[in-house]
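Asker: Before I ask anything, let me first share the structure, which is written out below as structure tokens.
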Amino acid sequence: MARRESVIEKPKGKPKKIFRRLLKYAGLYKWAFLFALLLSIISNLLSLVGPKLSGSAIDAIGGRGSVDFDKVFYYAKLMLIFYIASSVLSYALSILMMNIGRNITRGMRNEVFEKLMTLPVGYFDRHQAGDIISRVSYDIDVINSSLSTDVVQILSSIITVVGSLAMMISVCPILVIVVLITIPMSVIYTKYMTGRTRPLFSKRSAKYGEMNGFTEEMFSGQKTICAYAHEEKTMEDFDKINEGAVEAYFDAEYYGTMVGPTVNFINNFSLALIATFGSLLYMGFGGISITLGQISSFVLYSRKFSGPINEAANIISDFQSALAAAERVFKVLDEEEEVQDIEGAAELNEVQGNVELQSVSFGYTKDKTIIHDLNLKALAGKLTAIVGPTGAGKTTIINLLMRFYDVQKGSILVDDKEIKTITRKSLRKAYAMVLQDTWVFRGTVFENIAYGKENATKEEVINAAKAARIHTYIMRLPKGYDTVIGEDGVNISKGQRQLLTIARAMLLDAKMLILDEATSNVDTRTEIQIQQAMRELMHDKTCFVIAHRLSTVRNADNILVVNNGDVVEQGTHDSLMNKKGFYYKLYASQFE
């Protein structure tokens, strides 16, 4: 099989391109965003009136004993009204943005999941399940967090900065020069740190995916770990991966967090300059005179002006993390889907079941060919067994028959039709398939057996279960066919799970059946019984069986002996034994 790709990927997409792509999702809710923008503008404008009123209240104090309390209380009341109104609108804005973020996240997660359903099997062979899950859950949650909070802060910051600058100009234009001196310092530093931290956040997301992938693999193989007493080794391996994830998290947070305090220092330095030059102007330096109220208002506005810049620096780490997460999500969405059916592809109807492989060559990677010039013919209604040593290419042949992979050379025919000219869906529906790796889901026994056949009746399910020799066991369960099976069938044995999947395949009205080591987890006696029942059920249907236990395929109509990707022998059991060739040695080795 193809080697799984490393989850550690360097950031390739440009931040602007990724951000614009995120904005397309926001565009689906443009009216809600416009309303949010309106709320943000009104809320920030209301809060910007406060410092002006504060300055007017201070000027109303005058000297000792000359306080105009009516004016002071008047301005104080107005400040209270404006700030309360601003806070209420800010709260409404936060709720609105959370709902927008939730809807975008739901849509994005659905889109990713739908995309995964269209990807070829090879993608899942190359990627860890845990890493894929991490992209669907953790990475999209990071994006949601950024859309729900960071976007609001950015909108508010823009309005506050512009509004504060306008108010500062109206209070004292000359003091604005002091503020503008320090702005380039903040901008240059922030831009520098952005370029430096982005790869760190990409690495952090990738490390989290790697850790999730390892954890998922270890949990699914817990019994094997215990059986081989590998608990300590597994913990050591996890500790190394966890250490890498922690280090990646620390590096990203450290460099991302230090931006805020540094920009805050620059802003405080700006405030000190304002206080110094404001004092000089208050004393009439240069022939310019301002009041204490104006200085107070200007200081408050300068804080409002620098505050958003400081907040922008503080949220830059979250935003960079969101961009890194978005890049990983978009990488899934940009994966090449399973090759589409050719134009005019025909439906495979009225299947007879004649299957033929003509000069087929295939490899999971271009530099390593597994199947070499393979020729195979399976007649309709016959049982064809495919045997051979491990790694001979038996399962690969099944993957090609089902078009999980496409051949690189040669062709595969079903009823004399090249399968590339047939719709993939109709081809796969023509097969019932049972794999060595059983798959059952959380649901009732009935639901698991009826999974492949819509509107299956109880009688049909029971007949399939009887044919698969599992009906008696099901009736001993607490609720019979209504008994709920745990996730991945944890509350039933592996052999019983395999019988359930065999019953599921037997229920399908398919003309061809594939069993890939499907009875490897049942005893030999039950296996023989199942095969006898299947011969009755699959009358006039084509059946492919991959088996290691050669004694179970003695009654096959045709046995294909595969070795190193080639059919080296074929025939009935008796004729192959009489040849005393490769099959004879393989068969004899199981009874030596």
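The values are calculated or read from the model by the stated rules, or taken from the named source; none is laboratory data. Remember, it's a predicted structure, so these values are computed and weren't measured experimentally. Every residue, glycine as well, gets a Cβ built from its backbone with ideal geometry; the counts of neighbours run over all protein chains shown.
Asker: Checking Ala57 against (1) surrounded by 13 or more Cβ atoms within 10 Å (Cβ to Cβ); (2) over 27 Å from Ala166 (Cβ atoms); (3) of a type outside the set (Asp, Glu); (4) in contact (Cβ under 8 Å) with a residue 60 or more places away in the chain, which test does it fail?
Answerer: (2)
Asker: Right, next: Checking the conditions here, which among Val171, Val142 is under 16 Å from the mean Cα position of the chain (by Cα) and surrounded by 19 or more Cβ atoms within 10 Å (Cβ to Cβ)?
Answerer: Being under 16 Å from the mean Cα position of the chain (by Cα) and surrounded by 19 or more Cβ atoms within 10 Å (Cβ to Cβ) holds for just one of Val171, Val142, which is Val142.
Asker: I'd like to check which helices (runs of 4 or more DSSP H) are fully inside the range 137-246 and have at least 3 residues that are modelled with pLDDT under 75 and farther than 30 Å from Leu34 by Cβ.
Answerer: Output list reads 173-220, 222-227.
Asker: In contact with a helix residue (DSSP H, G or I) (Cβ under 8 Å, 6 or more places away or on another chain), surrounded by fewer than 19 Cβ atoms within 10 Å (Cβ to Cβ) and farther than 19 Å from Ala547 by Cα - does that describe any residue in the range 387-404?
Answerer: Yes, the range 387-404 contains a residue that is in contact with a helix residue (DSSP H, G or I) (Cβ under 8 Å, 6 or more places away or on another chain), surrounded by fewer than 19 Cβ atoms within 10 Å (Cβ to Cβ) and farther than 19 Å from Ala547 by Cα.
Asker: So, one more: Which residues, taken from the range 10-49, are surrounded by 13 or more Cβ atoms within 10 Å (Cβ to Cβ) and within 15 Å of Ala85 (Cα to Cα)?
Answerer: Leu39, Ser40, Ile41, Ile42, Ser43, Asn44, Leu45, Leu46, Ser47, Leu48, Val49
Asker: List pairs: first in the range 77-95 and assigned to a helix (DSSP H, G or I), second of a type outside the set (A, V, I, L, M), Cβ under 6 Å, 6+ apart or cross-chain?
Answerer: Met79/Gly50; Phe82/Gly50; Tyr83/Gly50; Ser86/Ser43; Ser86/Ser47; Leu89/Ser43; Ser90/Ser43; Leu93/Ser40
Asker: For residues in the range 576-592 being at pLDDT 85 or above and either in contact with a Leu (Cβ under 6 Å, 6 or more places away or on another chain) or closer than 11 Å to Arg554 by Cα (or both), which is surrounded by the fewest Cβ atoms within 10 Å (Cβ to Cβ)?
Answerer: Filtering the range 576-592 for residues that are at pLDDT 85 or above and either in contact with a Leu (Cβ under 6 Å, 6 or more places away or on another chain) or closer than 11 Å to Arg554 by Cα (or both), the one surrounded by the fewest Cβ atoms within 10 Å (Cβ to Cβ) comes out as Met577.
Asker: Is at least one residue of the range 428-440 in contact with a strand residue (DSSP E or B) (Cβ under 7 Å, 6 or more places away or on another chain), under 29 Å from Ala547 (Cα atoms) and of a type in the set (Ser, Thr, Tyr)?
Answerer: Looking through the range 428-440, at least one residue is in contact with a strand residue (DSSP E or B) (Cβ under 7 Å, 6 or more places away or on another chain), under 29 Å from Ala547 (Cα atoms) and of a type in the set (Ser, Thr, Tyr).
Asker: Restricting to the range 197-216, give me the number of residues that are within 14 Å of Tyr254 (Cβ to Cβ) and either among the aliphatic types (A, V, I, L, M) or within 14 Å of the chain's Cα centre (by Cα) (or both).
Answerer: Residues flagged as within 14 Å of Tyr254 (Cβ to Cβ) and either among the aliphatic types (A, V, I, L, M) or within 14 Å of the chain's Cα centre (by Cα) (or both) within the range 197-216 amount to 1.
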